[in-house]
Amino acid sequence: MDELQAVRDMRPSAPEPGVARLAQGRRDLLAAAAAADGPDHGRSPRWLTGSGRPWRLAIPAAVAASVVAGLLVVTSGDQGATREPQAGTVNVAQVMERAADSVQDHKVTRPRSDQWIYSKSAVRAPHYFEDEGWSRFDGKQYAFRRHGKIVVVDETLPAGDGVEGPKSYEQWYDNIVKLPTDPRKLLARVHSDASFDTLLDTFVDGKNGPPKALDFRRISNILSYGVALPPELNAALYRALALVPGVEVLEQRVDDGAGRSSLAVRYVHRVQGKETADYLFLDPKTYAFRGIGWDATRLGPDPQFDWEVAALAEAAVDKPGETH
């Protein structure tokens, strides 16, 4: 079965991403489907899913297909989003400056190469499930829990496969620490650097929304780095968000993917003539990153999303099985 062709058949008029951009993603989904249907129903290697970010999970094939469908077509009968009732907003520059001031003095220590990053996330795409796992900071191994036991897997690619493996936490760290902390320079760098896209971002290839929507997503992707995100960069990212035209901070709280009442930062844009929005969720007291919600199909006080990911826990630990 060709999952991507099935998605295209749902909406033949949807914009067609470039073949080169779709090739690896298509293969990833097919490989994940094969793994899910095989005798081992546990987690397949992360390189099959094109992951490598904390919340880019080994999503089951059916969920992955639904996420891709949400990116390529407007959901729910192509009704698009409605802005009734309107959601009130507050001054984005003031809120993001408070957020930056709150996080910029945090103490963050770079994990050792042999340490592990523990992460637990909640996903709605649209059905709810939770994912828990451990990844070595240097990317050499990852681990997960199966039937009460911790399973450790070497992060290796088949010889001669030709597929580029996912970035490790360490590679991401080495990349992001080079980013400028001046908000305007940071925004310019993010705007021009596709390395901050996720696998799912590549399916739309920037054609389903304006460039500023991609800026918002890339900043959100970097913020999801989590436990090892340098605090001065975290603060600069919040300030850079306030510079993206169209970014809003909602007056009322919005539940994130885990049902937590959160500060909601969003970017509203038009896809095929319909309004939609991407959301970034922050802790309303500490301004810590909580998660994201993409492609909202209702923009009032109770938005509905094609998919959401919420960060539940993350820590640098010495071995798989540890959570703090």
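The values are calculated or read from the model by the stated rules, or taken from the named source; none is laboratory data. This structure is a prediction, so every number in the text was calculated from the model and none was measured. Here Cβ is always computed from backbone atoms with ideal geometry, including for glycine, and neighbour counts include all displayed protein chains. For accessibility, only protein heavy atoms count, side chains too; no ligands or nucleic acids. Shrake-Rupley method; radii C 1.70, N 1.55, O 1.52, S 1.80 Å.
Some notes on this structure:
- Within the range 123-142, the residues that satisfy the criterion of being crowded, with 22+ Cβ neighbours inside 10 Å and either modelled with pLDDT under 90 or among the β-branched types (Val, Ile, Thr) (or both) are Val123, Ala125.
- Here is the figure for the range 280-324: residues that are hydroxyl-bearing (Ser, Thr, Tyr), open to solvent by less than 50 Å² (accessible area, probe 1.4 Å) and modelled with pLDDT of 85 or more total 1.
- Candidate set: the range 253-279, residues that are in contact with a Lys or Arg (Cβ under 6 Å, 6 or more places away or on another chain) and among the polar types (S, T, N, Q); chosen: the one surrounded by the fewest Cβ atoms within 10 Å (Cβ to Cβ): Ser261
- Within the range 233-249, one or more residues are open to solvent by 10 Å² or more (accessible area, probe 1.4 Å) and either in a strand (DSSP E or B) or of a type in the set (Ser, Thr, Tyr) (or both).
- Looking only at the range 155-174, and only at residues there that are at pLDDT 75 or above and touching a helix residue (DSSP H, G or I) at 6+ places or on another chain (Cβ under 7 Å), the one that is surrounded by the most Cβ atoms within 10 Å (Cβ to Cβ): Tyr169
Yes or no, residue by residue, for (1) part of a strand (DSSP E or B); (2) touching a strand residue (DSSP E or B) at 6+ places or on another chain (Cβ under 7 Å); (3) of a type outside the set (A, V, I, L, M, F, W, C); (4) at pLDDT below 90:
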| position | (1), (2), (3), (4) |
| --- | --- |
| Gln86 | no, no, yes, yes |
| Ser121 | yes, yes, yes, no |
| Phe144 | yes, yes, no, no |
| Lys178 | no, no, yes, no |
| Ala188 | no, no, no, no |
